[in-house]
Amino acid sequence: MKKFVMILAGFAMLGASVVGVLNKKDLENVIAELTGIKAQVTDVTAKLGEAEDKRDDSQEKETQAKDTRNQAAAAVAESEQKLKVVQRAVEEVTAELEKVEIEKKEIDLAIRKVFPDGNIKSSEDLQMNLAMLKDTLTAQQTKKTELNTQLGGAAQAKQVQVAKVKEEENFQMQRAQRLSLNGLVATVIAVNREWDFVMVNAGRAHGVAPDASLLVKRGNTRIARLRIVNLEDIVTVADIVDDSLVSGIEVQPGDKVIFENAQ
């Protein structure tokens, strides 16, 4: 039994040794695998660092490219502005040249009028012709001044004549109104016995003037004279002139009123 136990113990030790050898091989394999993984991690880390360096370098280059592009755009804008200034200057010079060309043509035309053959014989001839032209211009200006003076006098005379015509028209109109009163027959429409005034159904609208002389008639008989005290558009208020009323007769509504000596 003891021997059997010893044999079992031997087998156990042998198994343990075998297991130990196997476990050692597994451990070595695991260590080897870990070493490989560590090497891969180190390689990946290095590559990642290189990639980050490349990325940073790429971003820096992109920033530099943007700065270069902005500088180029600013330079282009400045160039365009300078080009506009140059174009304006060219336009101004062109306009000035055109003005000079026009003046030259005018001078040439004036010279051709003085020298039809186109030849200026001497400076004295030119001076003499210029003096003649100045004298002619002065004479024309003097004549223009005289004509303006005459025109002003004629305008004033015209205004005077117009004023006279208007005055004559007003006179004739007033005269026509006065003459029309000769044919106007008005009527007494009210009588105030206490204050001796009457109301007549004719007024300013009918051509009655404040200084008109009114006669009151009954039939063919003149019975009183009236003096205007208030003149309205269609009604006249008048006093009965003292001592003009025929004795024993009173002015009454319905009596006729005529206008005396309207000329």
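Throughout, read-outs are computed from the coordinates displayed, never taken from laboratory work. None of these values were measured; they are calculated from a predicted model. Please note: Cβ atoms are built from the backbone with ideal geometry, for glycine as well, and neighbour counts cover all protein chains shown.
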Practice task
Tell me the label-point distance for the pair Met132, Ala39, using the 7 Å Cα-to-Cβ offset, in nm and rounded to one decimal.
Solution key: 12.1 nm
Fill in the blank from the handout: Highest mean packing first, using Cβ neighbours within 10 angstrom, the peptides 236-243, 28-35 sort as 236-243, 28-35
Practice task
Measure off 7 Å from each Cα along the Cα-to-Cβ vector at Glu28 and Ser213, then give the distance between these two points in nanometres to one decimal.
Solution key: 17.1 nm
Problem - Cα→Cβ-extended label distance, 7 Å offset, between Leu151 and Ala46, nm - result: 10.8 nm
Problem - Residue-count net charge about Ala205 - beta-carbon cut-off 14 Å; Lys, Arg +1, Asp, Glu -1 - result: -1
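For Asp243 and Gln81, compute 0.36 nm times the residue count separating them, minus their Cα-Cα distance, and round to one decimal in nm.
Additional length available on full extension: 47.7 nm.
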Completion exercise
Final fewest-first order of Met199, Met132 on the 10 Å Cβ neighbour count is Met132, Met199
Practice task
Express in nm, to one decimal, how much length is gained between Gln161 and Asp53 on full extension, taking 0.36 nm for each residue of separation and deducting their alpha carbon distance.
Solution key: 28.0 nm
Exercise for the section: Lys and Arg at +1, Asp and Glu at -1: add these up for the other residues within a Cβ distance under 15 Å of Arg225 and post the number. Expected result: -3
Practice task
Order the peptides 211-223, 145-157 from the highest to the lowest mean number of other Cβ atoms within 10 Å of their residues.
Solution key: 211-223, 145-157
